[in-house]
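Novice: So that we are looking at the same thing, I have put the structure below in structure tokens.
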There are 2 protein chains.
Amino acid sequence: MSSRRNFLQQSVLGLGGAAVLPLLSKTAMAAGNAQNESKESGLQLGMAGFTFAKFDIEKSIAIMNRVNIKSLSLKDFHLPLNSPPEKIQSVLAQFAAGGISIYAVGVIYMKTKEAVDEAFEYAKKCGVSLIVGVPNPELLDYTEEKVKSTNIRIAIHNHGPEDKLYPSPKNVYDLIKSRDERVGLCIDIGHSTRAGQDPAKAVVEYNKRVFDLHIKDVSAAVKDGKAMEVGRGVIDFPALVRALNKIKFKGMCSFEFEKDMSDSLPGIAESEGYFRGVIKTIGG
Amino acid sequence: MSSRRNFLQQSVLGLGGAAVLPLLSKTAMAAGNAQNESKESGLQLGMAGFTFAKFDIEKSIAIMNRVNIKSLSLKDFHLPLNSPPEKIQSVLAQFAAGGISIYAVGVIYMKTKEAVDEAFEYAKKCGVSLIVGVPNPELLDYTEEKVKSTNIRIAIHNHGPEDKLYPSPKNVYDLIKSRDERVGLCIDIGHSTRAGQDPAKAVVEYNKRVFDLHIKDVSAAVKDGKAMEVGRGVIDFPALVRALNKIKFKGMCSFEFEKDMSDSLPGIAESEGYFRGVIKTIGG
């Protein structure tokens, strides 16, 4: 769906018909893949943009295609929030030409009202209806207003025990549970585990408020647990997938791989392989 | 166990104590990893040497360590069958120093009695008790004699519908089922699938005669099916793992990755990740 939205957005931004047609066929292919995936498992795989902090767009697209993941949450180092329309247009076109759909923007940190405004404006220009973000708690009222006025959802991201704002999914949930239903969570399962909260239980408990996931593994369920390949650490992935099936999760399971970030393709491949193996075995 | 055997063999071959001690600690580490794996899943992962046809020993060791697989079936391009003792000693020492155990030799093709003799002599010099091989059918009586006189087992490898000798596991089994119980099969699950034989059913049917596995996926269950990453093709890996658990398989599940052979690390990583995810989910 976000492919189509990108396509429409790119038309609005002024790509001519001749340029758009080949893009359409490529994004249609990407959407087709995502549908196949969804049909098989009920769960959709994506990539969190931070995974590619050390890579340019071309390399990021190549890695995603190599591991057959077509949906990306776009990070600002690939497209700064204050980019002019032509830059936005060219970056979106580059991803679309590479067969990659931008399904969300983020993670975006928001410490001021102006930053909240900028994030929602950026999401709109990028043609997505989901922001993965970290608005300061005192900005949640204002953020909720923006959600209502734009119909763009926000998935608030937890960041582990060292984080002052949202160490665990519970810290997010407690502040958003009574708000508009378009205000929800991006559960980072690694940080959640390090913060002592079982991500599978959090998924079931927060149910429809879980909009997005950051998938990784950690070496230990303590503050100093290190990020690692999915399956090598302490997280119980079969339990997580069963929890996602239980709530009929419709969001994206996005890999955020933070080990060996300059040479991450093998770790990403192992991670998505493991997760697909778990999904296939459980079915759903 | 094969680590220890290698170590003893290397001692026999004349490595001095000073050189041996650091090797011992590394091979002990490798054995430790394998035991952990075994404890968790009941199944042990290895690598079929042919995966590394385009790589030298150093690169092969690096890839195996990257994907955390420590057991290798040694292929002749890394150590020719007619190698002198010093060459055998140095190659075994190189693998041991890299934390890799040689659990078998092969695949070795045997078209003459002399080739059978050479294969068993080679296995003995390498300190392993398993040959993955393809003796011509008319040499099976002689091969069985060698198995009895050396106590080295042979796992006969099937090679798909285009193969004149052993297209499917059934073609192997029919010729060995009445022989010494140390004559068995290495089921190549990709070739078996292309030959129209379900590898999970073959595993259950041939049970204790299955000594080794070559793990891969194929795009279609037809002669022209193409090798690909585990989980992307048509093979039902949960069914395979359940079959292996059912027969309490004690052999090695060795990846033989034959796609992108000059740039295979991502595909190997995805494959072992998927297989581990299936194993973890099923348990056993």
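The values are calculated or read from the model by the stated rules, or taken from the named source; none is laboratory data. Source: prediction; values computed, not measured. Glycine also receives a Cβ, built like all others from the backbone with ideal geometry; neighbour counts cover every protein chain displayed.
Novice: Looking only at helices (runs of 4 or more DSSP H) that lie completely in segment B:1-91, which have at least 2 residues being among the small types (Gly, Ala, Ser) and at pLDDT 95 or above? Show your work before the answer.
Specialist: Numbers: elements: B:2-12, B:17-41, B:57-66.
Counting at least 2 such residues, we get B:57-66.
Novice: Next up: Step by step: first the residues of segment B:92-144, then only those that are in a loop (DSSP other than H, G, I, E, B) and polar (S, T, N, Q), then the one that is nearest to B:Arg209 (Cα to Cα). Which residue is that? Don't jump to the end; show me each part of the working.
Specialist: Looking only at segment B:92-144, we keep the residues that are in a loop (DSSP other than H, G, I, E, B), and these are B:98-100, B:111-112, B:127-129, B:136.
Adding the requirement that they be polar (S, T, N, Q) leaves B:112, B:129, B:136.
Values: B:Thr112: 24, B:Ser129: 15, B:Asn136: 19 Å.
Among those that are in a loop (DSSP other than H, G, I, E, B) and polar (S, T, N, Q), it is B:Ser129.
Novice: Give the residues of segment A:190-246 that are crowded, with 24+ Cβ neighbours inside 10 Å, farther than 19 Å from B:Glu272 by Cα and of a type in the set (Lys, Arg), sorted by residue number.
Specialist: A:Arg194
Novice: I'd like to verify a number: residues in segment B:147-177 that are aromatic (Phe, Trp, Tyr), closer than 12 Å to B:Val210 by Cβ and assigned to a loop (DSSP other than H, G, I, E, B), how many? Give the steps one after another, and end with the answer.
Specialist: First, pick out the residues of segment B:147-177 that are aromatic (Phe, Trp, Tyr): B:166, B:173.
When the remaining residues are screened for being closer than 12 Å to B:Val210 by Cβ, the result is B:173.
Right, trim to assigned to a loop (DSSP other than H, G, I, E, B) and you get none.
Residues that pass the stated criteria total 0.
Novice: Among the helices (runs of 4 or more DSSP H) confined wholly to segment B:178-284, which include 3 or more residues that are closer than 20 Å to A:Gly231 by Cα and within 14 Å of another protein chain (Cβ to nearest Cβ)? Give the derivation first.
Specialist: Values: elements: B:189-194, B:199-206, B:237-246, B:265-282.
Answer list for segment B:178-284: B:237-246, B:265-282.
Novice: Now a separate question. Do you know which residues across segment B:236-248 are within 16 Å of A:Ile282 (Cα to Cα) and either touching an Asp or Glu at 6+ places or on another chain (Cβ under 9 Å) or of a type in the set (A, V, I, L, M) (or both)? Break it down into steps so the answer makes sense when it comes.
Specialist: Step one: list which residues in segment B:236-248 are within 16 Å of A:Ile282 (Cα to Cα), which gives B:236-242.
Of everything in segment B:236-248, those that are within 16 Å of A:Ile282 (Cα to Cα) and either touching an Asp or Glu at 6+ places or on another chain (Cβ under 9 Å) or of a type in the set (A, V, I, L, M) (or both) turn out to be B:Asp236, B:Phe237, B:Ala239, B:Leu240, B:Val241.
Novice: Residues being hydroxyl-bearing (Ser, Thr, Tyr) and under 25 Å from A:Asn65 (Cβ atoms): count how many of those fall in segment A:79-136. Can you show your working first?
Specialist: The first filter runs over segment A:79-136 and keeps only residues hydroxyl-bearing (Ser, Thr, Tyr), leaving A:83, A:90, A:101, A:103, A:109, A:112, A:122, A:129.
Applying the additional criterion that residues be under 25 Å from A:Asn65 (Cβ atoms) yields A:83, A:90, A:101, A:103, A:129.
Within segment A:79-136, residues that are hydroxyl-bearing (Ser, Thr, Tyr) and under 25 Å from A:Asn65 (Cβ atoms) number 5.
Novice: Considering (1) surrounded by fewer than 20 Cβ atoms within 10 Å (Cβ to Cβ); (2) within 27 Å of B:Pro135 (Cα to Cα), say which one B:Ser101 fails and leave the rest.
Specialist: (1) is the only condition that B:Ser101 fails.
Novice: Identify, please: which residue in segment A:53-67 is of a type outside the set (A, V, I, L, M, F, W, C) and within 14 Å of chain B (Cβ to nearest Cβ) and is, among those, surrounded by the fewest Cβ atoms within 10 Å (Cβ to Cβ)?
Specialist: In this case the residue turns out to be A:Lys59.
Novice: To continue, here is another question. Being of a type in the set (S, T, N, Q), at pLDDT 95 or above, under 20 Å from the mean Cα position of the chain (by Cα) and surrounded by 24 or more Cβ atoms within 10 Å (Cβ to Cβ) is the requirement here; does A:Asn171 meet it?
Specialist: On the way: of a type in the set (S, T, N, Q): yes; at pLDDT 95 or above: yes; under 20 Å from the mean Cα position of the chain (by Cα): yes; surrounded by 24 or more Cβ atoms within 10 Å (Cβ to Cβ): no.
The answer is no for A:Asn171.
Residue-wise test of (1) within 16 Å of the chain's Cα centre (by Cα); (2) crowded, with 20+ Cβ neighbours inside 10 Å; (3) modelled with pLDDT of 95 or more.
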position: A:Asp117; (1), (2), (3): no, no, yes
position: A:Ala123; (1), (2), (3): yes, yes, yes
position: A:Val128; (1), (2), (3): yes, yes, yes
position: A:Gly133; (1), (2), (3): yes, yes, yes
position: A:Asn136; (1), (2), (3): no, no, yes
position: A:Tyr142; (1), (2), (3): no, no, yes
position: A:Ala155; (1), (2), (3): yes, yes, yes
position: A:Tyr166; (1), (2), (3): no, yes, yes
